[in-house]
1. So which pairs qualify, if the first residue must be in region A:156-179 and within 13 Å of chain B (Cβ to nearest Cβ) and polar (S, T, N, Q), the second must be away from ligand 2 (no atom under 16 Å from the Cβ) and not in a loop (DSSP other than H, G, I, E, B), the Cβ gap must be under 6 Å, and the two must be at least 6 apart or on different chains?
2. Do we find a residue being open to solvent by less than 20 Å² (accessible area, probe 1.4 Å), acidic (D, E) and closer than 30 Å to A:L191 by Cβ anywhere in region A:222-241?
3. I want to confirm something. Restricting to region B:88-114 and keeping residues that are open to solvent by 10 Å² or more (accessible area, probe 1.4 Å) and without any contact (Cβ under 8 Å) to a residue 60 or more places away in the chain, which single residue is farthest from the chain's Cα centre (by Cα)?
4. Give region B:212-249 a look and list any residue that's modelled with pLDDT of 80 or more, open to solvent by less than 70 Å² (accessible area, probe 1.4 Å), of a type in the set (A, V, I, L, M, F, W, C) and under 28 Å from B:I284 (Cα atoms), or say none.
5. Check A:G35, A:G64, A:G72 and return the single one that is touching a residue at least 40 places away in the same chain (Cβ under 8 Å), over 20 Å from B:Q302 (Cβ atoms) and open to solvent by 10 Å² or more (accessible area, probe 1.4 Å).
6. From the list B:L252, B:L295, which residue is at pLDDT below 80, surrounded by fewer than 16 Cβ atoms within 10 Å (Cβ to Cβ), not in a loop (DSSP other than H, G, I, E, B) and not β-branched (V, I, T)?
7. Can you tell me which residue in region B:207-227 is farthest from B:V174 (Cα to Cα), limited to those that are touching a Phe, Trp or Tyr at 6+ places or on another chain (Cβ under 8 Å) and in a helix (DSSP H, G or I)?
8. Go through B:F33, B:F43 for me and flag whichever is surrounded by fewer than 16 Cβ atoms within 10 Å (Cβ to Cβ), part of a helix (DSSP H, G or I) and at pLDDT 95 or above.
Amino acid sequence: MPQNNKEIIINLKNLTKRFGSFTAVSNFNLEIRKGEIIGLLGPNGAGKTTTMKMIARLLNPDEGEIWIKDNGNLELLTGKNMVTLLDHIGFLIENPTFYEHMTPRKILSYFAILKGYPKKKIPKRIEEVLALVGLTDWIDKKVGTFSKGMKQKLGVVSALIHDPDILILDEPQTGLDPKARRETREMFLKLKNQGKTIFLSSHLLYEVSEISDRIAIINQGKLIAFDTMKNLEMASKDIKLQIQLMELPVDIEKKRVELEEIILPYTGLKLKSKIVSFNPELKIFEARFNGELTNQRKILEELTKKEIDIVNFSVPRANALEDLYIQLIAGVATEEVAEPQAIIKGDRGD
Amino acid sequence: MNIVKEETIESRMDKVPVGLKKSLTQVGATVTFEFKRNLKNMFISFGIAVGIYILSLVINLIQEGRGAESPASAGEYLTSYLGMIGFFILIIAVMFAGNIIALDYDKHTGNLIFPKITKGRLFLGRVIARYLLSALAVLVYYVLIGATALIKYGDLPIEILASLGWAMLYTFAVFALVAFFSSFLKKTSTTIVVSLVMMLMVFNLGTTILMMTGVTWEPLFILTYYANIITYSVGYSVAGVFVIGLPTERFLEGSIGPGVGGDGPTFMRWITPDVTGAIIGMIIYSVILIGAAYLFFRRRQQK
Ligand SMILES: Nc1ncnc2c1ncn2[C@@H]1O[C@H](COP(=O)(O)OP(=O)(O)OP(=O)(O)O)[C@@H](O)[C@H]1O
Ligand SMILES: [Mg+2]
């Protein structure tokens, strides 16, 4: 992978945070490389915000270290050097709250000066970034009158006002409507193309899967998977193939058995039954297989050969990972498995 | 590697003001921002100043209307307006210092602000801006009462400036107390309540207990005691005669009970600190409280 050659700019080592006897983040390790987008995925209460707060030094870790690149060297983040080290990082932590009586112009201008953005360029910069999220008309309105989504947009913008090299965004898409979600995703990709590094969290898979180069899955404070989308999917080895037929058969069970017989030899799985199931919601058949493209092609070939009237044949990427995500999380919840560690790929790997 | 290093340093050099300059820029930006943020409070504080002034004016007018003699000198007239100054300063300090720290934790606004500036600089900028606003409100009050006395008597005792000075110092001490509570209490509202209870009840209770137990040492550890010098620095009345300037006899003995020199238990009362005691006392109070506020703030973590 080319990104393995890129320099590490943030390195989290054995991060641990406890609240009383409860461990919110436990032995968390993560390397973030220059120019990549990393998605931190995890259910509610997994420890995403806590992890990001430790990087921002809003919380001090109980154990572990945070290393951040500064002037070409990785430096250990401490209370003393935090201002310099965190200077070229833009943070958005949790749902942002602003001073209600202030306007975006005043707030952003304050933040920009604090971060040392050239004074003369600030007014223009504020207009630029507000335009990015469609808040131009609200530049002089009090934040107290903003809707939740508008505050969220302002939060994202306040993280990038000083044009930082690294963005750490905690659920930047929460509360945004679908159009705004797409626009922010496009904005993140644009920022990535400008060479920025983005570390963003979400509890929704599709928010991170489309833009992230690598995805870190966290649950109950532990990192349970960290790899590219593709590798994670492969690792799940249990990907659902969706098969939509021209017409719904009268006898669904009979059709299911028929499909299963055709597909069974080519799944690449050890499973010998319950390969094909019917999804009554989507009114389609779903077949489990190992996700390899060769198997996928073979299955398609066989189905056509047997003259099954397929109108749609697809592997929804997000779904596959969605299943893995749920599977991994469930695994930890029930068995405390150490096994998913297998899918954590360090930089040493391929 | 070396080349990369040099490039980064250089590109940062023209982007970020370094060292002291940067600190000053950040503190300055914070002061400006805090002024803007507290603009509404500023007008409210002016309103309160005007309100208390009008209240005192009306009381004076009613008394004159009832046929009471108006004070013989401008100084004496001024003291009639300073009866509520301690309370006024308390309200002002609570307004400007109550949310100085607690709010960022209570409303989570700190999540946005803290990684951008050190807590020391933020605190410094806030204290400067908010204290100046508090002092401005006090100044407005003095301008109002000074102008009234000037119109009525045609002159003003210079002691009003001494009184103003004491009021400014006392404002800072009370401000520091409220900021201290704000640094560790969860909410702004709790901070306000605790500050009021402390100033209006706990200190008064302390004073009363001292009076009752008959100890004679000066209550320099009771913050509200210092408010007295604001009024007494203008002057005081002895047997109906107004004397300009601080009293030399600062310790009174009396007795509680009906009539003058009643037969109840005797009490002792300190009426005002002297100049040295007031300066040292209020400075010690301010430094300890502001210092403690900063230390608590620095250690406080975002929840
Ligand atoms: N200040 C705190 N005191 C006690 N427990 C806390 C505190 N902050 C977080 N926790 C606990 O730590 C765990 C992780 O919380 P965190 O906010 O990091 O989760 P998250 O992954 O961001 O979840 P969400 O998706 O809901 O934002 C939760 O169980 C939470 O209850
Ligand atoms: Mg969270």
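The values are calculated or read from the model by the stated rules, or taken from the named source; none is laboratory data. None of these values were measured; they are calculated from a predicted model. Virtual Cβ from ideal backbone geometry, glycine too; neighbours counted across all protein chains shown. What goes into the accessible areas is simple: the full protein's heavy atoms, side chains included, and nothing from ligands, DNA or RNA. Shrake-Rupley method; radii C 1.70, N 1.55, O 1.52, S 1.80 Å.
1. As it stands, the answer is A:S158/A:F111, since those pairs meet every condition given.
2. Yes, region A:222-241 contains a residue that is open to solvent by less than 20 Å² (accessible area, probe 1.4 Å), acidic (D, E) and closer than 30 Å to A:L191 by Cβ.
3. Filtering region B:88-114 for residues that are open to solvent by 10 Å² or more (accessible area, probe 1.4 Å) and without any contact (Cβ under 8 Å) to a residue 60 or more places away in the chain, the one farthest from the chain's Cα centre (by Cα) comes out as B:K107.
4. If the condition is that a residue be modelled with pLDDT of 80 or more, open to solvent by less than 70 Å² (accessible area, probe 1.4 Å), of a type in the set (A, V, I, L, M, F, W, C) and under 28 Å from B:I284 (Cα atoms), then B:L220, B:I222, B:L223, B:A227, B:I229, B:I230, B:V234, B:L246 are the ones that fit.
5. Sole residue among the options that is touching a residue at least 40 places away in the same chain (Cβ under 8 Å), over 20 Å from B:Q302 (Cβ atoms) and open to solvent by 10 Å² or more (accessible area, probe 1.4 Å): A:G35.
6. Step by step, each of B:L252, B:L295 is checked, and only B:L252 is at pLDDT below 80, surrounded by fewer than 16 Cβ atoms within 10 Å (Cβ to Cβ), not in a loop (DSSP other than H, G, I, E, B) and not β-branched (V, I, T).
7. The qualifying residue farthest from B:V174 (Cα to Cα) is B:M212.
8. None of the other options fit; the residue is B:F43.
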